[in-house]
Amino acid sequence: MDVLRQNEIYEIRESSIHNKGAFAKQGIAKGTRVIEYIGDRITKAESARRSIRMIEKAKETGHGAVYIFELNKRYDIDGDVSYNTARFVNHSCNPNCETDIIRGRIWIIAIRDIKKNEELSYDYGYDLDDFRDHPCRCGSDKCVGYIVNQEQWGKLRKLLIKDKRKTTKSNKNT
Ligand SMILES: [Zn+2]
């Protein structure tokens, strides 16, 4: 029942941001629980094991997707399963959704009214560590160029300005 209703409100197709994305099939009102983020419920110990495996895989293949979501102090959800369509929702620097945990379930919820055909997105909430490995192509006016949570944008901008200064200096030297 839930799944049927959800399929009426979004669909998965090619995205200009990254691979595939989830798009609104109809107008979605602010506050709507759009997609549930589902997957394996795993302990923190298992989560740590899987994360290490993913990082190793990323070193070999050059791309490691992170689908582990914190559920509570004891459990995480590993959303790297084919039936979890929420894994296609991309990050944006100006997102129209957010994630929230309601009674032990992770939901992607509309934070404003969304128009038909708009791509759904939320803030992945990555911290500054290794931000260069996560460039952002969300295309919004607000885009800071990397997938970094909004609270750390100030720090990120300072780092990027420092980078620029370094490159201009080295250019002068050559
Ligand atoms: Zn962006």
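The values are calculated or read from the model by the stated rules, or taken from the named source; none is laboratory data. From a predicted model like this one, the values you see are computed outputs, not experimental measurements. All Cβ positions, even for glycine, are placed from backbone atoms using ideal geometry, and neighbour counts span all protein chains on display.
Got a number for residues in region 74-98 being touching a residue at least 12 places away in the same chain (Cβ under 8 Å) and either within 16 Å of the ligand (Cβ to nearest atom) or surrounded by fewer than 18 Cβ atoms within 10 Å (Cβ to Cβ) (or both)?
So the count comes out to 15.
Under 8 Å between Cβ atoms, at least 6 apart or on separate chains: pull out the pairs that start in region 140-153 with a residue that is part of a helix (DSSP H, G or I) and at pLDDT 95 or above and end on any residue that is near the ligand (Cβ under 8 Å from one of its atoms) and hydrophobic (A, V, I, L, M, F, W, C).
Trp153/Val144
Taking the condition more than 25 Å from Thr43 (Cβ to Cβ) and out of contact with any helix residue (DSSP H, G or I) (no Cβ under 7 Å at 6 or more places or on another chain), does Ser82 pass?
Answer is no for this residue.
Select from region 129-145 the residues that are farther than 13 Å from Asn90 by Cα and in contact with a strand residue (DSSP E or B) (Cβ under 8 Å, 6 or more places away or on another chain) and list them in ascending order. Spell out the reasoning first.
Taking region 129-145 first, the residues farther than 13 Å from Asn90 by Cα are 129-133, 141-145.
The answer is Phe131, Arg132, Gly145.
Just need a number here: residues in region 112-139 that are over 15 Å from the mean Cα position of the chain (by Cα), in a loop (DSSP other than H, G, I, E, B) and either at pLDDT 95 or above or aliphatic (A, V, I, L, M) (or both).
So the answer is 6.
Quickly run through region 86-111 and pick out the residues that are outside any loop (DSSP other than H, G, I, E, B) and closer than 25 Å to Arg74 by Cα.
Ala86, Arg87, Glu98, Thr99, Asp100, Ile101, Ile102, Arg105, Ile106, Trp107, Ile108, Ile109
Got a sec? Which of Arg112, Arg132, Arg137 is closer than 25 Å to Lys20 by Cα and within 13 Å of the ligand (Cβ to nearest atom)?
When all the criteria are applied, what remains is Arg137.
Which pairs turn up if I take residues in region 42-65 that are on the phi < 0 side of the Ramachandran plot and modelled with pLDDT under 95 and look for partners that are among the hydrophobic types (A, V, I, L, M, F, W, C) and in a helix (DSSP H, G or I) with beta carbon separation below 7 Å, at least 6 apart in sequence or on another chain?
Gly64/Met54; Gly64/Ile55; Gly64/Ala58
For Ile68, state whether it is farther than 23 Å from Asp141 by Cα and without any contact (Cβ under 8 Å) to a residue 60 or more places away in the chain.
So Ile68 fits the description; yes.
Quick check: anything in region 5-27 within 16 Å of the ligand (Cβ to nearest atom), buried (at least 19 other Cβ atoms within 10 Å of the Cβ), among the hydrophobic types (A, V, I, L, M, F, W, C) and under 27 Å from Val144 (Cα atoms)?
No, every residue in region 5-27 fails to be within 16 Å of the ligand (Cβ to nearest atom), buried (at least 19 other Cβ atoms within 10 Å of the Cβ), among the hydrophobic types (A, V, I, L, M, F, W, C) and under 27 Å from Val144 (Cα atoms).
Per-residue answers, yes or no, for (1) of a type in the set (D, E, K, R); (2) within 19 Å of the chain's Cα centre (by Cα):
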site	(1), (2)
Arg87	yes, yes
Asn90	no, yes
Ile106	no, yes
Ile109	no, yes
Lys158	yes, no
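Arg53 fails exactly one of the following numbered conditions: (1) of a type outside the set (A, V, I, L, M, F, W, C); (2) within 26 Å of Glu8 (Cβ to Cβ); (3) surrounded by fewer than 13 Cβ atoms within 10 Å (Cβ to Cβ). What is the number of that condition?
For Arg53, the exception is condition (2).
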